[in-house]
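First up is the structure itself, then whatever we jot down about it.
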Amino acid sequence: MNTRETERLRSVDICSGAGGLALGLEQAGFDPVLLLDNREVACRTLRANRPSWNVLETNLLDFDPSEHTDTYDVDLLSAGLPRVKATAAVARRDSEAELELLRATMLLLYGVQPRALLVENVPDLVTKPDYGPIRAYVEKELEHLGYRHRWFVLNAADHGVPQTRRQGVLVAFKGDVLDAFVQPSPTTPVHATVGEALLESMSARGWEGAKRWAAQADEPAPTLVGGSWERGGADLGPTGTKKAWARMGVDGATVADSVPDADFRWDPSLGRPGMMPLTVAQAARLQGFPSDWRIEGRKTAMYRQVGHASPPPVGRVLGTAIAAALRA
């Protein structure tokens, strides 16, 4: 195998969160020279798992690449940005802040000048007319800097993640490298189910009903939602999502401290008392994190990090496709 095909590539990862995207990219051959996040607990998670990573706790809006010259001319700038809202919906302060981070990412391109860009966000950013003005702004900035781009949508379930999670993706390359980029095709035509993913953990304390439960949880999880950092406790998402969980016998209105014990009576006809909530570790499994990936903080903060994360297997397939194009 040629050295060019095996050499490690350099990246900068912003809005890194629990490190899902960065971990997937690492598996694809990218080593980050810098990871950036504005939440202390997320930075603790990154450092706990990869002590060698250079993690900077700061707001993207305050980041000055001239103070971190090792970020110049990296191979990839990756961003798992907070969920951007459509222009018509930008009324709340947090929505405007999310859009501002997308603008800051575009401005960062001017300073860093990476060979490639990867942005992961909501699928509506790619598909919905209401997001047209945002896409137009991004495309104008990319064209000005000499990048060619492509928008597309991936479903994490197509890549081994036991969760239906559609993700909007933007990739861009300097010059003509885009011609060599091949959009990832599904790698897992038969989707993994919640029952398959969590049977072992549900049985860990001797609960004999785990196999019966797993047989009912026979589809991928609905999209995990991290919720707002500013309000509410940990739960698995809005009303529609909780109903989908209830059909699998899971209480989606809270997050558990531990898996069911041997005496747990599973009876969904009793409502929430007869259903089990998931633990943070189980939610992380449904996001595709490896079992040894540590999430720091108290339970709600841990779940927020997991729910907002980009699944590592998606980062890996995207990183593999980007690396192949850069090396072509």
Flagged in the stretch 170-182 as in contact with a helix residue (DSSP H, G or I) (Cβ under 7 Å, 6 or more places away or on another chain) and surrounded by fewer than 22 Cβ atoms within 10 Å (Cβ to Cβ), in numbering order, are Val177, Ala180, Phe181, Val182
Taking the stretch 119-173 and keeping only residues that are in contact (Cβ under 8 Å) with a residue 60 or more places away in the chain and in a strand (DSSP E or B), one is left with Glu120, Leu154, Gln163, Gln167, Val169, Val171, Phe173
Apart from one, (1) part of a strand (DSSP E or B); (2) closer than 26 Å to Pro222 by Cβ; (3) not hydroxyl-bearing (Ser, Thr, Tyr) all hold for Arg205; the odd one out is (1)
By residue number, the members of the stretch 112-154 that are touching an Asp or Glu at 6+ places or on another chain (Cβ under 9 Å) and charged (D, E, K, R) are Arg115, Asp124, Asp130, Arg148
Those residues of the stretch 238-270 that are more than 16 Å from Leu224 (Cα to Cα), among the aliphatic types (A, V, I, L, M) and surrounded by 12 or more Cβ atoms within 10 Å (Cβ to Cβ) come to a total of 1
For the stretch 273-307 the number of residues that are touching a helix residue (DSSP H, G or I) at 6+ places or on another chain (Cβ under 9 Å), assigned to a helix (DSSP H, G or I) and not β-branched (Val, Ile, Thr) is 14
Being within 26 Å of Ala204 (Cα to Cα) and touching a strand residue (DSSP E or B) at 6+ places or on another chain (Cβ under 6 Å) narrows Ala214, Ala221 down to just Ala221
If you go through Ala197, Ala262, the only one that is among the small types (Gly, Ala, Ser) and farther than 23 Å from Ala309 by Cβ is Ala262
Reported set for the stretch 177-197 where residues are of a type in the set (Ser, Thr, Tyr), more than 20 Å from Leu326 (Cβ to Cβ) and either at pLDDT 95 or above or outside any loop (DSSP other than H, G, I, E, B) (or both) is Thr193
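The values are calculated or read from the model by the stated rules, or taken from the named source; none is laboratory data. Source: prediction; values computed, not measured. Virtual Cβ from ideal backbone geometry, glycine too; neighbours counted across all protein chains shown.
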